[in-house]
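S.K.: Let me begin by handing over the structure; questions about it come next.
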Amino acid sequence: MDIATVIGLIAGVFLMIIPIFKGGGAAIFWSLDSVVIVVGGTIAATLINYPLAEVLGVFRTLRNAFIHKESTPSKLIEQLVSFATVARREGILALESHAGEAGDEFLEKSVQLAIDGTAPELIKDILTTELAFMEDRHAMGQSILLAMGTFAPAFGMIGTLIGLVKMLVAMEDPSQIGEGMALALITTLYGAVMANLMFLPAAGKLKVRTSGELLAKEIIIEGILSIQSGDNPRIVEQKLKAFVSPVIREQVSTGR
């Protein structure tokens with residue numbers, strides 16, 4: 001898992017636990033009814049808004065976004081320049097023995113298309129189509145998470161209103177007002193925490209991951225097309241460096 005995600009989750013939970021325990025214990029912050037209203041309501045509203053398959057698929061998309069072997073642009077450029085050197089010296093068919101060592105399914109597929117002699121226009125069409133549908137899948141996952149981040153606080157407020165109504169009904173007993181008010185506000189707390197520590201940050205991380213993955217795949221497409229056209233490895237390197245920032249360009253080490 002991404003280290004920033006781990007640190008963020010731990011820090012967020014820790015910073016909330018400290019004042020909870022400092023105030024006399026966590027028991028007063030627990031309410032099963034509030035959990036049912038916020039969690040159940042959020043899931044119900046999400047299922048109404050999106051198809052079941054898409055809701056279930058968001059967890060798979062999240063897993064791929066948070067737990068995956070990330071290809072840094074600098075390493076990817078170095079690998080493609082290395083492929084260009086091999087293709088320049090020994091011919092593009094020599095890359096067949098290197099395709100399985102790519103360590104990236106998209107890169108391996110791209111190399112194999114070039115080896116098979118597929119027309120450059122067709123290679124670009126196939127790979128960009130895959131790129132577009134990957135972006136659509138991630139966009140759907142991000143949309144679902146953003147929606148859940150909207151629904152959770154709303155159901156927290158609904159739970160609070162339910163609690164306030166029940167409290168007002170028992171106004172003849174003043175001793176119950178403070179406890180009832182606290183219980184009603186816990187539901188709002190649950191909704192706010194779920195939205196701001198889970199759903200909205202997860203949607204943001206998915207967006208960042210998608211941008212990084214799109215960049216990596218665009219570099220691969222440009223690199224493979226350049227290799228197939230027989231470009232000099234130095235030209236391939238310069239083309240691919242144009243995709244990244246000056247800081248990343250300095251990290252690229254191809255021996256040229």
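The values are calculated or read from the model by the stated rules, or taken from the named source; none is laboratory data. Predicted model, so just to flag it, every value in this text is computed and none were measured. Because the Cβ atoms are built from the backbone with ideal geometry, glycine has one as well, and the counts that use them run over all protein chains shown.
S.K.: Taking region 239-249 as the region of interest, how many residues are within 27 Å of the chain's Cα centre (by Cα) and part of a helix (DSSP H, G or I)? Reasoning before the result, please.
M.R.: First, the residues of region 239-249 that are within 27 Å of the chain's Cα centre (by Cα): 240-249.
Subset that is part of a helix (DSSP H, G or I): 240-241, 246-249.
Of the residues in region 239-249, 6 are within 27 Å of the chain's Cα centre (by Cα) and part of a helix (DSSP H, G or I).
S.K.: For region 208-238, what are the residues that are in a helix (DSSP H, G or I), in contact with a helix residue (DSSP H, G or I) (Cβ under 9 Å, 6 or more places away or on another chain) and surrounded by fewer than 17 Cβ atoms within 10 Å (Cβ to Cβ)? Don't jump to the end; show me each part of the working.
M.R.: Our first condition is that a residue be in a helix (DSSP H, G or I); within region 208-238, this holds for 208-228, 233-238.
Within this subset, residues satisfying the condition of being in contact with a helix residue (DSSP H, G or I) (Cβ under 9 Å, 6 or more places away or on another chain) are 208-210, 212-228, 233-237.
If the condition is that a residue be in a helix (DSSP H, G or I), in contact with a helix residue (DSSP H, G or I) (Cβ under 9 Å, 6 or more places away or on another chain) and surrounded by fewer than 17 Cβ atoms within 10 Å (Cβ to Cβ), then V208, G212, L214, L215, E218, R234, I235 are the ones that fit.
S.K.: Consider G117 against the criteria (1) assigned to a helix (DSSP H, G or I); (2) more than 27 Å from the chain's Cα centre (by Cα): it satisfies all of them except one. Which criterion is unmet?
M.R.: G117 satisfies every listed condition except (1).
S.K.: In region 118-134, which residue that is modelled with pLDDT of 90 or more and closer than 26 Å to L62 by Cβ is surrounded by the most Cβ atoms within 10 Å (Cβ to Cβ)?
M.R.: So the residue we want is L127.
S.K.: Quick one: what pairs do we get from region 44-57, first residue part of a helix (DSSP H, G or I), second not hydrophobic (A, V, I, L, M, F, W, C), C-beta under 8 Å, 6+ apart or different chains?
M.R.: If the second residue must be not hydrophobic (A, V, I, L, M, F, W, C), the pairs left are V55/T46; G57/R137; G57/G141.
S.K.: Further question: Do you know which residues across region 203-215 are modelled with pLDDT of 90 or more and touching a Phe, Trp or Tyr at 6+ places or on another chain (Cβ under 8 Å)?
M.R.: Within region 203-215, L215 is the sole residue that qualifies.
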